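Novice: Have a look at the structure that comes next, please.
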Amino acid sequence: MGVGVVLRRLVAAVAGVVIAAEAVVLVFVHIVLGRTTHNQSMSIAGMDPDVMSKATYALGAGMGAFLLLCAALLAVAAIRDRAPGSFARVVLISAAVTHGVLGALAVGLVGWGAFAVLMLILCLLVLTLTLYAAKDGGTAAAPQGSLTPTSP
């Protein structure tokens, strides 16, 4: 097994574990926020507190499910040592873009620590996608009509 194979698998596995941990943390945060909203009968602009707490639970569940899907796709890539398919690639790219946008927002709202964590996850996602793209890039055949050197 070459160094490239080990690196690809390691990065994909670490990214999967980190994203799974992020999913657990985000679900826990949304449970706490939903309970706090429900227990204190908080309301923003006259909205029903029950609706707000249920929406918080639903958002937490949706985010957790999305991140667990990303973690599962990364685990499959690490185990099989194959590039993610087109569906998996779209999901992972959307997760990377989301982490980039949230990182930009986190600097002002939460601080540099949250920014650093989000950028670490973004880097792991992008590195996984590029390492598998580099693996498959060398095996593609040259398109017809392209200029290729010929021997005389």
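Novice: Here are some residues: Ala61, Ala104, Ala65, Ala75. Which one is assigned to a helix (DSSP H, G or I) and surrounded by 15 or more Cβ atoms within 10 Å (Cβ to Cβ)?
Specialist: Going through Ala61, Ala104, Ala65, Ala75 in turn, just one is assigned to a helix (DSSP H, G or I) and surrounded by 15 or more Cβ atoms within 10 Å (Cβ to Cβ): Ala75.
Novice: Within region 84-100, which residues are open to solvent by less than 30 Å² (accessible area, probe 1.4 Å), within 17 Å of Met63 (Cα to Cα) and either among the aliphatic types (A, V, I, L, M) or not in a helix (DSSP H, G or I) (or both)?
Specialist: Result: Ala88, Val91, Leu92, Ala95, Ala96.
Novice: How about region 115-130: which of its residues are closer than 24 Å to Val5 by Cα and among the β-branched types (Val, Ile, Thr)?
Specialist: Scanning region 115-130 gives Ile121, Val126, Thr128, Thr130.
Novice: For Arg8, only one of the following conditions fails: (1) free of Cβ contacts under 8 Å to residues at least 60 places away in the same chain; (2) surrounded by 19 or more Cβ atoms within 10 Å (Cβ to Cβ); (3) part of a helix (DSSP H, G or I). What is its number?
Specialist: All conditions pass for Arg8, except number (1).
Novice: Is one or more of the residues making up region 7-21 among the β-branched types (Val, Ile, Thr) and touching an Asp or Glu at 6+ places or on another chain (Cβ under 9 Å)?
Specialist: no
Novice: Let me ask another. From the list Ile44, Ile19, Ile31, exactly one residue is out of contact with any Lys or Arg (no Cβ under 8 Å at 6 or more places or on another chain), assigned to a loop (DSSP other than H, G, I, E, B) and either of a type outside the set (D, E, K, R) or open to solvent by less than 30 Å² (accessible area, probe 1.4 Å) (or both). Which is it?
Specialist: On the way: Ile19 fails: assigned to a loop (DSSP other than H, G, I, E, B); Ile31 fails: assigned to a loop (DSSP other than H, G, I, E, B).
When all the criteria are applied, what remains is Ile44.
Novice: Looking at this structure, is Ser53 within 28 Å of the chain's Cα centre (by Cα) and either open to solvent by less than 90 Å² (accessible area, probe 1.4 Å) or of a type in the set (Ser, Thr, Tyr) (or both)?
Specialist: yes
Novice: Then there's this: State whether the residues of region 44-52 include one that is out of contact with any Cys (no Cβ under 7 Å at 6 or more places or on another chain) and within 22 Å of His99 (Cα to Cα).
Specialist: No: zero hits.
Novice: Sticking with this one: Out of all the residues in region 107-120, which are more than 21 Å from Ala15 (Cα to Cα) and open to solvent by 60 Å² or more (accessible area, probe 1.4 Å)?
Specialist: Within region 107-120, Gly108, Leu109, Val110 qualify.
The values are calculated or read from the model by the stated rules, or taken from the named source; none is laboratory data. Predicted model only: the values in this text are computed from it and were never measured. Because the Cβ atoms are built from the backbone with ideal geometry, glycine has one as well, and the counts that use them run over all protein chains shown. Surface areas here come from the heavy atoms of the whole protein model, side chains and all, with no ligands, DNA or RNA. Shrake-Rupley method; radii C 1.70, N 1.55, O 1.52, S 1.80 Å.
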